[in-house]
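Rule-based calculations on the coordinates, nothing more; no lab input. Here the structure is a predicted model, which is why all the values come from computation and not from measurement. Note that we place each Cβ from the backbone using ideal geometry, even for glycine, and neighbour counts take in every protein chain shown.
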Amino acid sequence: MILLLSDGNQIRGDLIKSATLRSDLAPIPVTLEAEIRAGDDSLEKLLKEGQTLSTGGGDVLRIVKSVRVGSRVAQGIREMAAFRVIALLDACQGAAYVRSRAILKESAALSAIYRAAGATIKAVDADFPVPRFYCPVGETPTFQIARVLQEEGGVVRWRRGRLQFVRLPDLLKQTPVMTLPDVAADDIDSGFMERHEVPWFFSLDAAGAAIFGNRSKPRVVRFSPFKDVQRLRNMTRCLVHRKTPRMAYNGSIGAGDLVALASGAKLVVITAAHAFVSGTDDGGASDTYSRLWLGSVEE
């Protein structure tokens, strides 16, 4: 895995004890967790909170947590400390902080909401207007952005340096990036949990009459004000986890890609985690792999 410091220098592979780069269908679509040995004081400064790391693909991530951990490894008389860091995609990370001032928007584009929350993205592909957005003092904007995406029936993903909005049904219209055997991972059936955790919604129209979302399945019921029928139906539509295969490292696969199974079924990548373990500390072999969380679109 290639990681670059903010000064442009690449971190040597033997200094990266472990690293996991995650791609998610979430308001912060790319995250990194890594444990890196700091060989000198200059490297330690570049692994502090607030510094940036870049991936080989050009994505810039900002460190939001850095923990110095002791190490039994020494070089001469100097102990080689290690840093455990968590970094978020720099273009979106501003929206992950708890607000000291409220955000209130009406008929604002999703990109404008991201910028109001502190993100630096310039645009969102397939942007759309949000009728009503609010993030009170003390709340985190990304939680409210996730609610907006649920109401719109879609997700955001990171592609070629840009944030894209995609509706859930459109994810299934893509060309699969790969085909996996059905035995690549165990099936996950969760009908019982879906009944309890995926509600259908109802609201009131302008005349005060009740309007309903998708009531075709027995589920818990929730009231949501100021919604039309389409948004009520969108809020029930979701991705449900079905498989978690582990495979050879393939950093080109990202959240939002479509994967086909040998049986003909198609599943969406909810999360793609690409991991690297050097094995230098314990004398073990290095290991690289990708793990995919695959799900189906359920109405």
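If r is the Cβ-Cβ distance from residue 252 to residue 228 and R0 is 35 Å, what FRET efficiency results, to the nearest 0.05? Approximately 0.35, to the nearest 0.05.
Quickly rank 123-130, 171-178, 239-246, 219-226 as a protection proxy: mean count of other C-beta atoms within 10 Å, highest first.
Numbers: 123-130: 14.9, 171-178: 13.4, 239-246: 17.5, 219-226: 11.8.
Ranked by mean Cβ neighbours within 10 Å, highest first: 239-246, 123-130, 171-178, 219-226.
Ignoring everything except DSSP H segments at least 4 long, calculate the 222 nm mean residue ellipticity for the chain; use -39,500 (n - 2.57) per segment, divide by total residues, nearest 500. Don't skip to the answer; put the middle values down first.
Numbers: 6 runs with 43 residues, N = 299.
Roughly -3500 deg cm²/dmol at 222 nm, from the helical runs in the chain.
Using only alpha carbons, the range 95-170 has a radius of gyration to Kirkwood radius ratio (Rg to Rh) of 0.95.
Quick one: length gained pulling residue 291 to residue 64 fully straight, 0.36 nm per residue minus the C-alpha distance? Each step should come with its number before you reach the end.
Numbers: separation 227, 0.36 × 227 = 81.72 nm, distance 2.40 nm.
Full-extension gain reported as 79.3 nm.
Return the inverse of the average 1/r over all pairs of distinct C-alpha atoms in the chain, which is the Kirkwood hydrodynamic radius, in Å to one decimal.
Numbers: mean 1/r = 0.0471 Å⁻¹.
So the Kirkwood estimate lands at 21.2 Å.
Our analysis of the range 146-207 gives Rg over Rh at 1.08, with the two radii drawn from alpha carbon positions and Rh computed by the Kirkwood formula.
Measuring between their Cα centroids, the range 13-45 and the range 175-225 lie 35 Å from each other. The 3J(HN,Hα) values that the Karplus relation (6.51, -1.76, 1.60; θ = phi - 60°) gives for the range 242-257 are, in residue order, 10, 9, 9, x, 10, 8, 4, 3, 8, x, 7, 7, x, 4, x, 6 Hz. Gly and Pro appear as x. Site pair residue 209 and residue 100 shows an inter-label distance of 5.0 nm when each label is modelled 7 Å from Cα along Cα→Cβ. If only the Cβ of Lys and Arg carry +1 and only the Cβ of Asp and Glu carry -1, the dipole of the chain around its Cα centre is close to 660 debye. Within the range 1-101, the GluC sites (Glu not before Pro) that combine a DSSP coil assignment with at most 14 other C-beta atoms in a 10 angstrom radius are 49. Residues of the range 180-209 falling in the label zone of residue 150, defined by backbone nitrogen less than 16 Å from a point 7 Å along Cα to beta-carbon, are 194-203. Among the GluC sites (Glu not before Pro) in the range 110-174, which ones are in a DSSP loop with at most 12 other Cβ atoms within 10 Å of the Cβ? Mind listing them? Of the GluC sites (Glu not before Pro), not one in the loops of the range 110-174 has a Cβ with at most 12 other Cβ atoms within 10 Å.
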